[in-house]
Amino acid sequence: MMLAKRCLECFAERDVQFTDPQAALNHAMALHREGHHAAAEDIYRQLLAAFPDATDILHLLGLVEIDGGRADEGFAKMREAIRLSPGIPHYHANLGARLLDRRSPEEAAACLREAIRLQPDMPTHYFNLGNACLQLRRASDAVEAYRQALRLQPDYPDSELQLGIALHTDGRRSEAMDWYRGVLARRPAHLAVATNLGAMLQEDCDLDGAADCFRQAIQAQPDHPVPLNNLAVIHKELGEAGEAVRRLKQCVELDPASASMHSNLILIMHYDPATTAADLRAEHVRWNERFVPKQLTPHANKAEPRRRLRVGFVSADFRDHVVGRALLPSFRRHEQGDFEIYGYSASPADPFGRAFQEAAAGWREIGGIPPAEVAAMIRSDQIDILIDVALHTSDNRLEVFALKPAPVQASWLGYPETSGLATMDYRITDSLLEPPGGNLLADAAEQACLLPDCWTCYEPPAGYPEITPPPCLAGQGITFGSLNNTCKINDQVLRAWARILEAVPGSRLRLLAKQGSHRRSIVEKLSGMGVSAERISFFDYVPLTPELSQGALLHRYNEIDVALDTFPYTGMTTTLDALWMGVPVVSLVGERNLGRAGLSLLSNVGMAELAVTDVDAYVAQAVALSREPEKLSRLRQELRPRMLTSPLLDAEGFTRRLEKALRDMWVAWCERQAKVG
């Protein structure tokens, strides 16, 4: 914009020595770019007072108001500038970009298409249109927009990245990976592309390939925490929890404002046998210090003990996932007269997840929405009890819980431990899951809500197979097995397994592991403990798809005689699956909650004797079972009927017990309000 020269005395009064309005405008725009919004706005306003018909200044004033936090005023001015001068393309483009920031993709796309109509040779218009299409979940349209941006500007790294994301989102997975590889061939230091390709290889179970990509990204920018975090996750999946913890501590130092990375550190510390309860407690305290506000907003919920309650569940796992499968049986059985259930979903639903939407009275998609906005949404919905079912697992929304948007908050199911949050009132657990000496990691304000019998219930996954006789009866020796995630297998576990295999001649060990060098590492470690490599074999890890359900994968248990639990982080769903398939599980009871799931689950099917308290007893119990093929055959037939009549499969009864616990939480809150009042 060029303004006619005119001296503005007011500039001199504010120590801005301009005799040229154009120079004043340039200075204001520089201040705006540098983030000095108030100073830039002041000059824009003076210029607009002097040149009231200058739509460029009106447009810029709208931009700076939005950037300064007054979105409604700013958008009004930007739209007014377009009304007065509709033929200026960057007005439409800038409005579209700011609407994208506010997650208003429909209007943004319309603005950007108009900008393209007026200025069809500008690559940034197509780039932003692609971003709008992605927000609208129109991935194929996004692909075409990014391709056009690259036709106009081949050297456009952001479009190269976004095109790969759009291809992946559109289900064109192999095409996306090929595209990323091509970009890296041209641009080896493209950190985001290397990171995204690594993540896709990780999803495909190519852990070594993923690690190579993350190392390439780290080489490009050694102090960038994202690829470092991702490489730490690979170390975790390879069973190298100590190295993962070391790298994640670096991440937290590099980006202390990242709650998700700090959560990742806390989660992976649970897998590391060298991590003490004091270490974990200290890390929980640090998380609270960084992310829990000093002052919390009071709640306006009516303290009426017996009224119908609104209960909200927050999760990224309303899908075919171990947490989703554990939650759904009770989620869809709540008494609608007493409870109104809301779901706050942090990830897109799959076909399995649609059952959650159908059962919910209210459903909110919160993926990508800032914590403060999600908290405001929950307050607006007047949620009485808010339940977190993720804890520190991936895609958690603990920053929302840190803001305490509901008067009562509880954690459950993500893993059997405390979240450690100072704003979490309860953890839903049971008397066997809780250590006799109490939880050493929880904040002092958090209480253990002890459910009768068990903290969870089980619904067998659809498509489960029939049970076959134990493989030892076919004359091939005893087959021990563990389908727990490799990250739970540490050197202490391997030493115990080596002792078992040594004590049972001709026995074999079957494990579940993603493809990669860690298989060789496990074999080499066991070989060093005296177990020959031919006695160890692996089931391939296969990602679930709409065509392949978890139930179909349970056939693996028909190839196992005795299941061996991991420690100190024991199995949960794997233990339930094994018992459903008639396979007994030997478990070592730990000192913390997440080492006691086996005790709780086995006790509920009358097999508490298989949950032992030291490694010698763990080895002895496994060896004793291997010597009783008749007992293994009998258990093969008895365990499923036992489960069917146990609290573990009593979804209706479990839901009523959970509802009583929720009501007790609410009554306690109401009583506290009465005392305060």
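The values are calculated or read from the model by the stated rules, or taken from the named source; none is laboratory data. These numbers were taken from a predicted model, which means no experiment stands behind them. Positions of Cβ are generated from backbone atoms using ideal geometry, with glycine treated the same way; all protein chains shown enter the neighbour counts. For the accessible areas, the whole protein counts, side chains as well, though only heavy atoms, and no ligand, DNA or RNA atoms are used. Shrake-Rupley method; radii C 1.70, N 1.55, O 1.52, S 1.80 Å.
Summary table below
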read-out	value
Subset of the stretch 603-618 [polar (S, T, N, Q) and open to solvent by less than 50 Å² (accessible area, probe 1.4 Å)]	Ser603, Asn604
Qualifying helices (runs of 4 or more DSSP H) (wholly inside the stretch 256-339; at least 3 residues being within 30 Å of Gln550 (Cα to Cα))	259-269, 322-331
Residue check for Asp208: in a loop (DSSP other than H, G, I, E, B) and modelled with pLDDT under 95	no
Residue check, Ala624 in contact (Cβ under 8 Å) with a residue 24 or more places away in the chain, open to solvent by 10 Å² or more (accessible area, probe 1.4 Å) and more than 28 Å from the chain's Cα centre (by Cα)	no
All positions within the stretch 267-290 that are open to solvent by less than 30 Å² (accessible area, probe 1.4 Å) and within 19 Å of Thr393 (Cβ to Cβ)	Leu267, Ile268, Met269, His270, Tyr271, Asp272, Thr275, Leu280, Glu283, His284, Trp287, Asn288
Candidates Val523, Val542, Val586 - the one that is open to solvent by 10 Å² or more (accessible area, probe 1.4 Å), in contact with a Leu (Cβ under 9 Å, 6 or more places away or on another chain) and either under 21 Å from Gly414 (Cα atoms) or of a type in the set (Val, Ile, Thr) (or both)	Val542
Residues (in a strand (DSSP E or B) and either free of Cβ contacts under 8 Å to residues at least 12 places away in the same chain or surrounded by fewer than 23 Cβ atoms within 10 Å (Cβ to Cβ) (or both)) located in the stretch 355-407	Gly362, Trp363, Arg364, Glu365
Qualifying position, being within 30 Å of Gly171 (Cβ to Cβ) and touching a residue at least 12 places away in the same chain (Cβ under 8 Å), among Leu509, Leu579, Leu526, Leu554	Leu554
Failed condition for Thr486, given (1) among the hydroxyl-bearing types (Ser, Thr, Tyr); (2) over 25 Å from Arg286 (Cα atoms); (3) surrounded by fewer than 23 Cβ atoms within 10 Å (Cβ to Cβ)	(3)
Condition check for Ser507: among the hydroxyl-bearing types (Ser, Thr, Tyr) and surrounded by 21 or more Cβ atoms within 10 Å (Cβ to Cβ)	yes
Strands (runs of 3 or more DSSP E) fully within the stretch 421-490 counting 2 or more residues that are under 30 Å from Glu652 (Cα atoms) and touching a Cys at 6+ places or on another chain (Cβ under 7 Å)	426-430
Helices (runs of 4 or more DSSP H) contained in the stretch 73-176 and holding at least 1 residues open to solvent by 30 Å² or more (accessible area, probe 1.4 Å) and under 30 Å from Ala194 (Cβ atoms)	89-101, 123-135, 139-152, 157-169
